[in-house]
1. Part of a helix (DSSP H, G or I), out of contact with any Lys or Arg (no Cβ under 7 Å at 6 or more places or on another chain) and within 23 Å of Asp34 (Cβ to Cβ), is that true of Phe142?
2. Tell me, yes or no, whether region 102-110 has at least one residue that is part of a helix (DSSP H, G or I), modelled with pLDDT under 95 and either more than 16 Å from Asp188 (Cα to Cα) or of a type in the set (A, V, I, L, M) (or both).
3. Kindly list, by first and then second residue, each pair from a residue in region 166-180 that is closer than 11 Å to Ala88 by Cα to a residue that is at pLDDT below 95 and assigned to a loop (DSSP other than H, G, I, E, B), limited to pairs with Cβ atoms under 7 Å and residues at least 6 apart or on different chains.
4. If you go through region 173-186 one residue at a time, how many are among the hydrophobic types (A, V, I, L, M, F, W, C) and under 10 Å from the mean Cα position of the chain (by Cα)?
5. Please state which of the following conditions Gly134 fails to meet, knowing it meets all the rest: (1) part of a helix (DSSP H, G or I); (2) touching a residue at least 60 places away in the same chain (Cβ under 8 Å).
6. Can you tell me which residue in region 45-64 is surrounded by the fewest Cβ atoms within 10 Å (Cβ to Cβ), limited to those that are of a type in the set (Gly, Ala, Ser) and assigned to a helix (DSSP H, G or I)?
7. Looking at (1) modelled with pLDDT of 95 or more; (2) more than 11 Å from the chain's Cα centre (by Cα), find the lone condition where Gly170 falls short.
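The values are calculated or read from the model by the stated rules, or taken from the named source; none is laboratory data. Computed from a predicted structure; not experimentally measured. All Cβ positions, even for glycine, are placed from backbone atoms using ideal geometry, and neighbour counts span all protein chains on display.
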Amino acid sequence: MAETHVAESVWSGGVSPFGVSWRKLMMWIFIITDGLLFAGLLAGYGFLRLASPTWPDRSEVFYIPFIAFMTFVLITSSATMGTAVGAARQGDRRWIVRGLALTILGGLTFLGCQAYEWTHLIQEGARLYTNPWGVPHFTACFFVLTGFHGSHVFSGVIILTVTLIRTLLGKATPEGVEVAGLYWHFVDLVWVFIFTLFYLL
């Protein structure tokens with residue numbers, strides 16, 4: 001009977017029934033819904049590719065070692081973000097600042113590489129509906145997938161910059177750094193799927 005009373009008090013409102021703060025819970029809900037959106041985009045890409053009689057050889061369109069470097073930068077930035085989160089839990093502001101600064105640098109490097117890649121393909125004649133490789137859907141998928149992900153990376157850099165400023169001002173909380181880290185790890189994980197399914201397979 002006592003357990004029932006406790007359960008009712010927990011689920012009746014005012015407290016988190018899952019034992020997490022509302023900020024972290026909202027971030028997880030966002031990650032799940034946004035992950036489903038990316039899954040839908042990748043599924044749509046898979047359908048278009050299977051429905052097309054031919055598909056360009058990505059090694060002839062992209063310089064795969066360059067894309068691999070972009071992937072390495074983003075994965076490394078996930079490690080530096082993990083360092084910042086760990087430092088936040090220990091209250092080490094110096095390492096929080098270092099971890100966030102390195103993560104921001106990694107995000108900016110990735111965006112710079114992506115801008116270079118887009119510019120190169122556009123100069124070769126790639127557009128949303130036409131391209132020199134004969135499959136119109138190919139570049140449409142490329143621009144939508146990488147552009148949507150790039151917008152997430154850009155948003156993440158802004159979030160991390162705000163978190164860094166708050167840390168320097170002594171206003172950031174360990175949970176705030178962790179929530180920013182959850183978003184950044186999600187962005188990195190999505191890119192691993194895009195890199196594997198679009199560029200390699």
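1. Working: part of a helix (DSSP H, G or I): yes; out of contact with any Lys or Arg (no Cβ under 7 Å at 6 or more places or on another chain): yes; within 23 Å of Asp34 (Cβ to Cβ): yes.
So Phe142 passes the test.
2. Within region 102-110, the first condition is being part of a helix (DSSP H, G or I), and the residues that meet it are 102-110.
Checking the rest, the ones that are also modelled with pLDDT under 95 come to none.
No, the conditions are met nowhere in region 102-110.
3. That search, which allows pairs on different chains as well, returns Glu175/Ser21.
4. Going residue by residue through region 173-186, those that are among the hydrophobic types (A, V, I, L, M, F, W, C) are 177, 179-180, 182, 184, 186.
When the remaining residues are screened for being under 10 Å from the mean Cα position of the chain (by Cα), the result is 182, 184, 186.
So the answer is 3.
5. (1)
6. Filtering region 45-64 down to residues of a type in the set (Gly, Ala, Ser) leaves 46, 51-52, 59.
Pick out the ones that are also assigned to a helix (DSSP H, G or I) and you get 46, 51, 59.
Details: Gly46: 14, Ala51: 8, Ser59: 10.
Restricting to residues being of a type in the set (Gly, Ala, Ser) and assigned to a helix (DSSP H, G or I), the top hit is Ala51.
7. Among (1) modelled with pLDDT of 95 or more; (2) more than 11 Å from the chain's Cα centre (by Cα), Gly170 violates only (1).
Per-residue answers, yes or no, for (1) β-branched (Val, Ile, Thr); (2) buried (at least 17 other Cβ atoms within 10 Å of the Cβ):
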site	(1), (2)
Phe66	no, no
Ser78	no, yes
Thr83	yes, yes
Gln90	no, no
Gly112	no, no
